1. Find the accessible area per residue for the chain; the probe is 1.4 Å, ligands and nucleic acids are left out, and the unit is Å².
2. How far apart, in nm, are the 7 Å Cα→Cβ label points at Asn49 and Lys67?
3. Once the Cα gyration tensor of the chain is diagonalised, what are the square roots of 5 times its eigenvalues, in whole Å and ordered largest first, as equivalent ellipsoid semi-axes?
4. Subtract the Cα-Cα distance of Asn33 and Phe21 from 0.36 nm times their separation in residues, and report this length gain in nm to one decimal.
5. What number, in percent, do you get for the relative contact order of the chain if the mean sequence gap of Cα pairs under 8 Å and at least 6 apart is divided by its residue count?
6. Under 11 Å from a point placed 7 Å out from the Cα of Phe6 along the Cα-to-Cβ direction: which residues of segment 46-77 have their backbone N that close?
7. Enter the accessible area of Ser24 (Å², nearest 10), with the probe set to 1.4 Å and all protein chains included.
8. Note the angle between two axes, namely the Cα long axis of helix 3-13 and the longest principal axis of the Cα atoms of the chain, as a number of degrees from 0 to 90, rounded to the nearest 10.
Amino acid sequence: VDNQSFFKSLIATLPKWIHQFQKSKHENILYTNPDYLFQLLWFLKYHTNTRFRILIDICGVDYPSRKQRFEVVYNLL
C-alpha cells in the first residue's frame with residue numbers, strides 16, 4: 001500500500017480526529033483539532049499499522065497573514 005492510500009484509509013478510520021491531510025515533498029501532514037490531539041498521538045504510537053515511535057520535536061509556526069496566526073507542529077518519526 002502506498003503512503004497516500006495509507007493516510008486516506010487512516011482519515012476514513014478517524015474522521016473525527018483528522019480533518020485534513022496534506023502531502024508535501026518528503027512529509028505527510030495531518031491536521032487535527034486540539035481537543036483530539038492526545039487521542040490521535042496515542043493512536044499513531046500504539047496502533048499496529050502506524051507505530052510512530054519518536055516525537056522528534058514540537059514547535060510553533062507563525063503565519064502573520066492568517067487571522068489565527070499560530071500553529072503547533074508535532075514531528076513524528
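The values are calculated or read from the model by the stated rules, or taken from the named source; none is laboratory data. These numbers come from a predicted model, not from an experiment. Positions of Cβ are generated from backbone atoms using ideal geometry, with glycine treated the same way; all protein chains shown enter the neighbour counts. With ligands, DNA and RNA removed, areas are computed over all heavy atoms of the protein, side chains included. Shrake-Rupley method; radii C 1.70, N 1.55, O 1.52, S 1.80 Å.
1. 80
2. 3.6
3. Those come to 21, 14, 13 Å.
4. Result for the pair: 3.0 nm of gain on full extension.
5. 17
6. 49-52, by backbone N distance to the label point.
7. Rounded to the nearest 10, the figure is 50 Å².
8. Rounded to the nearest ten degrees, it is 90.
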